[in-house]
There are 2 protein chains.
Amino acid sequence: MKKLINDPNNAVLEALQGMEKAHGDILKVNYDPDFIARKTLKNKGKVAIISGGGSGHEPMHGGYVGLGMLDAACPGAVFTSPTPDQMEAATKAVNGGAGVIHLVKNYTGDIMNFQMAADICADEGIEVKPIVIDDDVSVKDSLYTAGRRGVGATVLTEKIIGAAAERGDKLDDVVKLAQYCKDNGRSMGMALTSCILPSVGKPIFEIGDDEIEMGVGIHGEPGRERMKIKPANELVEIMLEPVLSDISLENGDEIILMLNGMGGTPLLELYILFNHAVDTAKKLGIKTVRCLVGNYITSLEMQGFSITIMKANSEILKLWDAPVHTAGLRWGI
Amino acid sequence: MKKLINDPNNAVLEALQGMEKAHGDILKVNYDPDFIARKTLKNKGKVAIISGGGSGHEPMHGGYVGLGMLDAACPGAVFTSPTPDQMEAATKAVNGGAGVIHLVKNYTGDIMNFQMAADICADEGIEVKPIVIDDDVSVKDSLYTAGRRGVGATVLTEKIIGAAAERGDKLDDVVKLAQYCKDNGRSMGMALTSCILPSVGKPIFEIGDDEIEMGVGIHGEPGRERMKIKPANELVEIMLEPVLSDISLENGDEIILMLNGMGGTPLLELYILFNHAVDTAKKLGIKTVRCLVGNYITSLEMQGFSITIMKANSEILKLWDAPVHTAGLRWGI
């Protein structure tokens, strides 16, 4: 194993310290329990939004803490759920009295731990609403999941509901919006290679020199099919069809499209894939009106990509275009 | 070879088409000869800045075209210099009558081809000033280079002189500033793995499972030493010492520090490396006042990182902080 780390046991801690040094203008890190929060913690009267999950998917979620997006993020160990005390401490730290949303990706550990934290906070009078994102159309039920896995739509949801909370929307309205994002965001991923957990030191799955895992999860979970590598355009078509057909889209509908790298994929290749994704959607009468192309939800050094789409409307686009200032996403400010 | 491409011969073309679809609000692509330019080509009275080089280093350079940075970028084939007709066409397209700067990384092919284009443009009355960036302290002379290689300081220079040109600085002043960046920017890189050129289909160099190439070039050129992998902090110290000591820095001096991934390195690891780079500089009395942490000048899917520093002053920081709107770097707008 060749990794740019010191000690596997300190990797997340040192990365958090690095994040704080790099982005000290927008965030600060609380240690033990670990969470990343906006530099100015409390925003009285504002709905607070918290997400979290295992580390190794950077920039998600800590890279999305800041104005117009998350109030706090709870990083677990690599590919491991954060513990309830992290979510509890984060919730209490950023609660501005207008309610707190827990934006959770659908993994059993994440859901259980966020729920425990929510219960404790509720007992102390903090109104917490959980939203579970389960956008991955690849498989139903998976290694760590009952139902669909939660993946890339989480990033888009964080941006959209983050903007709504920032402009002062009330808790119920932000929850409704999050429900819209959950209902209208879909994803699918694939991998050329595995990644290596620092603590394990070997690939989390074996894959042949001419094979890909179609429908892979962000923790290397098996997908739909182990298949031979195909040209980029064919891969895009194989993935976009189930993604687009899983929500009701009509001719002329508009989408936000994220062409996401798994961490080890050249940007050159992501643009090639994006090029064909837009063309493929267009042939089906679907217009790509906003996009992200790059590494937004990763699996360490895994090579591969995922496609996430979200059905847009004028309100969604307005929130998408609103200013955001985070380590991973920034515009308008 | 597993690559997310269709045909190696069309990879750059399709990536350019993807870029144009993704960032059509800020840039457009001219095909045959290929160059990426701002959406609004001519900016009368503004010094124009053009860079370019082989593809495979994305987001450099096309990702730095836009307000506050480059006016145009000329992409060659992967790891191959663009041809003179590309630079000639780009120069003529963006020339606003106030002079054009060719910002060139020090590779023999790039310099020769930019020079040929500059000569042709000069004959037609366009004032072209070349600036050659040669910031890589790893080795003197290399596979494709007489003298030092040009690497990461190019990105920082593009940002800084781009801001100066945007506010209306005259040609001579922008050239002086570029000279400052050239004189005060230094870099060094290392690799854990090779990358694979789409057209070749096998790694450009062989490297053992426990080895790294210290001082590697962005085309996989040999560095100073093939050594055994070491902990992240040791690697940072090995690289930062020659980088910092190559320019005159005094106790209390301030720097911009870029901790750059080679394309296949997890962001988690880049933050670990950045954390120690800042601490190491601090011990030497050097203060990191601005930074970039991420993939800014890459070598396809190569795993590894580079450190670039530039000595700062109030004027440099003012230009650094000025608004920029490109695919790869964006703030204040």
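The values are calculated or read from the model by the stated rules, or taken from the named source; none is laboratory data. In this text, all values refer to a predicted model and were calculated from it rather than measured experimentally. Reconstructed Cβ throughout: ideal geometry from the backbone, glycine too, with neighbour counts over all protein chains shown. Ligands, DNA and RNA are excluded from the accessible area calculation, which covers all protein heavy atoms including side chains. Shrake-Rupley method; radii C 1.70, N 1.55, O 1.52, S 1.80 Å.
Only one of B:ASP279, B:ASP321 is modelled with pLDDT of 95 or more, more than 17 Å from B:GLU250 (Cα to Cα) and surrounded by fewer than 23 Cβ atoms within 10 Å (Cβ to Cβ). Can you tell me which?
On the way: B:ASP279 fails: more than 17 Å from B:GLU250 (Cα to Cα).
Step by step, each of B:ASP279, B:ASP321 is checked, and only B:ASP321 is modelled with pLDDT of 95 or more, more than 17 Å from B:GLU250 (Cα to Cα) and surrounded by fewer than 23 Cβ atoms within 10 Å (Cβ to Cβ).
If I ask for residues that are of a type in the set (A, V, I, L, M) and either over 17 Å from B:LEU284 (Cβ atoms) or within 13 Å of chain A (Cβ to nearest Cβ) (or both), which ones from segment B:225-254 would you list? Quick ask: steps written out before the conclusion?
If we filter segment B:225-254 for residues that are of a type in the set (A, V, I, L, M), which is where we start, we get B:227, B:229, B:232, B:235-236, B:238-240, B:243-244, B:247, B:249.
Selection gives B:MET227, B:ILE229, B:ALA232, B:LEU235, B:VAL236, B:ILE238, B:MET239.
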Just checking, does segment A:238-252 include any residue being closer than 20 Å to A:VAL289 by Cβ, among the small types (Gly, Ala, Ser) and within 24 Å of the chain's Cα centre (by Cα)? yes
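Is there a residue being surrounded by fewer than 19 Cβ atoms within 10 Å (Cβ to Cβ) and of a type outside the set (S, T, N, Q) anywhere in segment B:158-169?
Pass one, segment B:158-169, residues surrounded by fewer than 19 Cβ atoms within 10 Å (Cβ to Cβ): B:167-168.
Filter once more, keeping what is of a type outside the set (S, T, N, Q): B:167-168.
Yes, that holds for at least one residue.
Return a yes/no flag: does segment A:46-54 have any residue that is more than 24 Å from A:LEU177 (Cα to Cα) and over 18 Å from the mean Cα position of the chain (by Cα).
Narrowing segment A:46-54 to residues more than 24 Å from A:LEU177 (Cα to Cα): A:54.
If we keep only those that are over 18 Å from the mean Cα position of the chain (by Cα) as well, we get none.
No.
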Residues of segment B:272-289 being touching a strand residue (DSSP E or B) at 6+ places or on another chain (Cβ under 6 Å) and within 7 Å of another protein chain (Cβ to nearest Cβ), which ones? B:LEU273, B:PHE274, B:VAL278
Since A:PRO222 meets every condition but one in (1) open to solvent by less than 40 Å² (accessible area, probe 1.4 Å); (2) more than 14 Å from every other protein chain (Cβ to nearest Cβ), which condition does it not meet? (1)
When segment B:9-28 is examined, which residues are found to be away from chain A (no Cβ under 11 Å) and either buried (at least 22 other Cβ atoms within 10 Å of the Cβ) or part of a helix (DSSP H, G or I) (or both)? B:ASN9, B:LEU27
Run down B:GLY328, B:GLY263 and say which single residue is within 29 Å of A:VAL293 (Cα to Cα) and within 8 Å of another protein chain (Cβ to nearest Cβ). B:GLY263
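Please work out if B:ASN295 is of a type outside the set (Phe, Trp, Tyr), open to solvent by 40 Å² or more (accessible area, probe 1.4 Å), under 20 Å from A:GLY62 (Cβ atoms) and not assigned by TED's automatic domain parsing to the domain that holds B:ALA146. Can you show your working first?
Working: of a type outside the set (Phe, Trp, Tyr): yes; open to solvent by 40 Å² or more (accessible area, probe 1.4 Å): yes; under 20 Å from A:GLY62 (Cβ atoms): yes; not assigned by TED's automatic domain parsing to the domain that holds B:ALA146: yes.
In short, yes.
Quick one: in segment B:29-52, of everything that is part of a loop (DSSP other than H, G, I, E, B) and of a type in the set (A, V, I, L, M), which residue is most open to solvent (accessible area, probe 1.4 Å)?
First, the residues of segment B:29-52 that are part of a loop (DSSP other than H, G, I, E, B): B:31-34, B:39-47.
Next, from what is left, pick out any that are of a type in the set (A, V, I, L, M): B:41, B:47.
On the way: B:LEU41: 54, B:VAL47: 1 Å².
Here the residue is B:LEU41.
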Could you check B:PHE205 against (1) in a loop (DSSP other than H, G, I, E, B); (2) surrounded by 24 or more Cβ atoms within 10 Å (Cβ to Cβ) and say which number it fails? (2)
Total residues in segment A:74-87, condition open to solvent by 30 Å² or more (accessible area, probe 1.4 Å), in contact (Cβ under 8 Å) with a residue 40 or more places away in the chain and either under 12 Å from A:ALA118 (Cβ atoms) or in contact with a strand residue (DSSP E or B) (Cβ under 8 Å, 6 or more places away or on another chain) (or both): 3
